[in-house]
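The values are calculated or read from the model by the stated rules, or taken from the named source; none is laboratory data. Note that the structure is predicted; figures quoted are calculated from it, not measured. Counting neighbours? That spans all protein chains shown, and the Cβs are built from the backbone with ideal geometry, glycine included.
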Amino acid sequence: MDNDVENAMDEDRSLIIDDSNSAVAEVGENLRAVEATLFAAETPMTIADIKLYVGEDIDIRATLEQLQEDYAGRGISLIRTGDRWHFQTAQDLSHLLRRERAELRKLSRAGMETLAIIAYHEPVSRAEIEAIRGVQVAKGTLDVLMEAGWVRPAGRREVPGRPLIYATTAEFLTHFGLQSRKDLPGIDDLKAAGLLDPVDLALEKMEMEAGESAEDTDEGEVDSDAESSDTPAEESGDDPTHSLENAVESA
């Protein structure tokens, strides 16, 4: 009799253990199913979204909370945002994934034209660039070229107002695969046509006119009621833009 009771109790214990093992296995499978679904998702998922993949029989909320607990302190976290869930890198490890990269920016047409003018006519001032282009040069255009390392300030022109002049850099030559400015496309043809000299011609004309004006002032030939030294440059013909335009036209 005692043996029968003991055997029955052993059988009950075996059934309980088997049921327990089955339950644990089922919970484990549920965790794996939800985990895989979230991992493969391209966007955060709601509980309803997850059920579409794993079925209605799983307690999704309890499974998510268990997963969240399991992943706590690891390199990946299960995050809930509103009613949606997703995996993401642990916030305290985000610095390990940062990578600096150069941002490529397309140079504008104005930038290309300005760079070409500087390359062929350097050193050249903003006013001279504007005279050749026929339009004003935005300050940002020159800033972009200098940030790229292709253009640099090259001092000041020794003329009235001492404007800042610009020239290309070694980085410019390297970027465009040039040994020197002599390798610029068509430079010999442009020289033969006189198209590389308008800046120099304009400067020579400006210097000559400035010298003549100085001589007139020194001799005291200007009457107090006539033109004074304060006459605007455009009236006396000393405007660098006007002179440069004439030089370009004559070239």
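Got at least one residue in region 160-171 being without any contact (Cβ under 8 Å) to a residue 12 or more places away in the chain, touching a helix residue (DSSP H, G or I) at 6+ places or on another chain (Cβ under 9 Å) and under 18 Å from E113 (Cα atoms)? Give the steps one after another, and end with the answer.
Of all residues in region 160-171, those without any contact (Cβ under 8 Å) to a residue 12 or more places away in the chain come to 161-162, 170.
Filter again for touching a helix residue (DSSP H, G or I) at 6+ places or on another chain (Cβ under 9 Å), leaving 161.
Of the ones still in play, those that are also under 18 Å from E113 (Cα atoms) are none.
Checking region 160-171: not a single residue is without any contact (Cβ under 8 Å) to a residue 12 or more places away in the chain, touching a helix residue (DSSP H, G or I) at 6+ places or on another chain (Cβ under 9 Å) and under 18 Å from E113 (Cα atoms).
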- line: Reported set for region 132-185 where residues are hydroxyl-bearing (S, T, Y) and modelled with pLDDT of 85 or more is T141, Y166, T168, T169
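Does region 74-86 include one or more residues that are among the small types (G, A, S), part of a loop (DSSP other than H, G, I, E, B), modelled with pLDDT of 90 or more and surrounded by 10 or more Cβ atoms within 10 Å (Cβ to Cβ)?
So in region 74-86, the residues among the small types (G, A, S) come out as 75, 77, 82.
Filter once more, so that each one left must be part of a loop (DSSP other than H, G, I, E, B): 75, 82.
Now narrow it down to the ones that are modelled with pLDDT of 90 or more: 75.
From what is left, the residues that are surrounded by 10 or more Cβ atoms within 10 Å (Cβ to Cβ) are 75.
The answer is yes, given that some residue of region 74-86 is among the small types (G, A, S), part of a loop (DSSP other than H, G, I, E, B), modelled with pLDDT of 90 or more and surrounded by 10 or more Cβ atoms within 10 Å (Cβ to Cβ).
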